[in-house]
Amino acid sequence: MSGSHVHRIYLPADTPVHRLPPQCKLVATVAFVLVVVSTPREQIWAFGLYVLLLAGLARAARVPAGVIARRMVIELPFVSFAVLMPFVAHGERITVAGVGLSVGGLWGGWNILVKGTIGVISSILLAATTEPRELLLGIERLRLPSLLTQIATFMLRYADVVLEELRRMKLARAARGFEARDIRHIPVLARSLASLFLRSYERGERVYLAMVSRGYEGRMPVLRDVVASGGQWAMAAAVPGAAALVAAAAWMVQWTLL
């Protein structure tokens with residue numbers, strides 16, 4: 001099961017980025033995103049530098065641009081919202097190609113679009129260079145609540161099992177000539193989802209009882225510890241550190257213009 005997860009989101013490679021401990025990459029990603037979010041939206045040049053930093057990181061990690069572009073589809077709902085903002089927001093308006101647009105809406109849409117896109121790219125690079133199981137080890141190393149870590153672990157391990165169960169149920173419906181075409185078929189799909197929930201719940205109960213019979217006492221055993229050296233923390237801090245310098249310069253320019 002873990003192999004399928006690796007195949008989907010992780011790109012195996014032997015690069016300095018891949019070799020960094022997961023907790024270093026997690027902290028660096030969060031710090032970088034916080035710096036980007038805190039940057040004044042009017043300083044467009046700063047966001048261009050952030051993109052260049054991410055491009056250099058992707059090159060160092062050997063993550064193809066095509067992979068990043070395909071995975072960015074996940075942010076399409078936010079892009080749609082950002083595009084609509086200039087048309088629905090109130091306040092001062094300007095005319096572009098005969099269409100009235102809100103100035104505040106343009107800046108708000110730009111703010112959501114650029115910061116959201118940079119955040120998504122950062123997450124894609126993190127997932128592409130770190131195995132899901134390694135991410136969980138990094139979360140444990142950062143002392144996040146054990147219960148949350150265990151829930152994430154089981155979600156990761158059994159997601160494919162539930163999806164495979166859903167696929168078999170779909171094939172069974174198709175074998176009986178069922179095909180959802182309109183609203184009248186919603187009750188059938190609802191019953192299928194209810195059945196999937198019950199099966200997943202029963203499977204979870206069986207797994208829990210099996211774990212208890214093997215000595216589970218509320219905490220998963222740590223099979224491998226991940227320790228980060230000072231040099232690795234310094235390497236991970238390079239990108240968010242450079243971004244912090246860009247943000248500081250952007251705020252200086254912003255204050256000068258006020």
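The values are calculated or read from the model by the stated rules, or taken from the named source; none is laboratory data. It should be emphasised that the depicted structure is a prediction, and the values quoted were computed from it without experimental measurement. Here Cβ is always computed from backbone atoms with ideal geometry, including for glycine, and neighbour counts include all displayed protein chains. Heavy atoms of the whole protein, side chains included, go into the accessibility calculation; ligands, DNA and RNA do not. Shrake-Rupley method; radii C 1.70, N 1.55, O 1.52, S 1.80 Å.
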task: Would you mind classifying the stretch 7-49 by shape? Square roots of the alpha carbon gyration tensor eigenvalues, ordered a ≥ b ≥ c; an a/c under 1.5 is rounded, otherwise it is prolate if a/b is larger than b/c and oblate if not.
output: prolate
field: GNM result for the chain, Cα springs below 10 Å: residue of S38, S122, S213 fluctuating most strongly
entry: S213
message: Once you place label points 7 Å from the Cα toward the Cβ at W107 and R157, how far apart are they in nm?
response: 5.1
message: Could you identify which residue out of I44, I183, I94 has the top mean-square fluctuation in a GNM of the chain using Cα springs shorter than 10 Å?
response: I183
- prompt: When only the heavy atoms of the protein chains count and the probe is 1.4 Å, how do D182, D14 rank by accessible area, highest first?
  reply: D14, D182
Surrounding net charge for L126, when Lys and Arg each add one and Asp and Glu each subtract one, Cβ distance under 13 Å: 0
field: Accessible surface of the stretch 104-258, 1.4 Å probe, proportion on carbon and sulfur as whole %
entry: 67
Largest to smallest accessible area among Y216, Y201 [probe 1.4 Å]: Y201, Y216
- prompt: Using the alpha-carbon centroid of each, what span in Å lies between the stretch 59-138 and the stretch 155-206?
  reply: 33
field: Residue-normalised accessible area of the chain, given per residue in Å² at a 1.4 Å probe
entry: 63
- line: Charge tally for neighbours of F47 with beta carbon under 13 Å away, counting Lys, Arg as +1 and Asp, Glu as -1, is +1
- prompt: Where a ≥ b ≥ c are the square roots of the eigenvalues of the C-alpha gyration tensor, would you call the stretch 84-187 rounded, which needs a/c under 1.5, or, failing that, prolate if a/b is larger than b/c, or oblate?
  reply: oblate
Residue with peak Gaussian network fluctuation, the chain [Cα springs, cutoff 10 Å], from R41, R214, R93: R214
- prompt: Given that just one value was derived from the coordinates, which of (i) 41; (ii) 24; (iii) 20 is percent of Cα pairs over 33 Å apart?
  reply: (i)
statement: Total charge of the residues flanking A174 in space, meaning their Cβ is under 11 Å from its Cβ, with Lys and Arg +1 and Asp and Glu -1, is +4
- line: In Å, the C-alpha Rg and Dmax of the stretch 129-258 are 23.9, 71
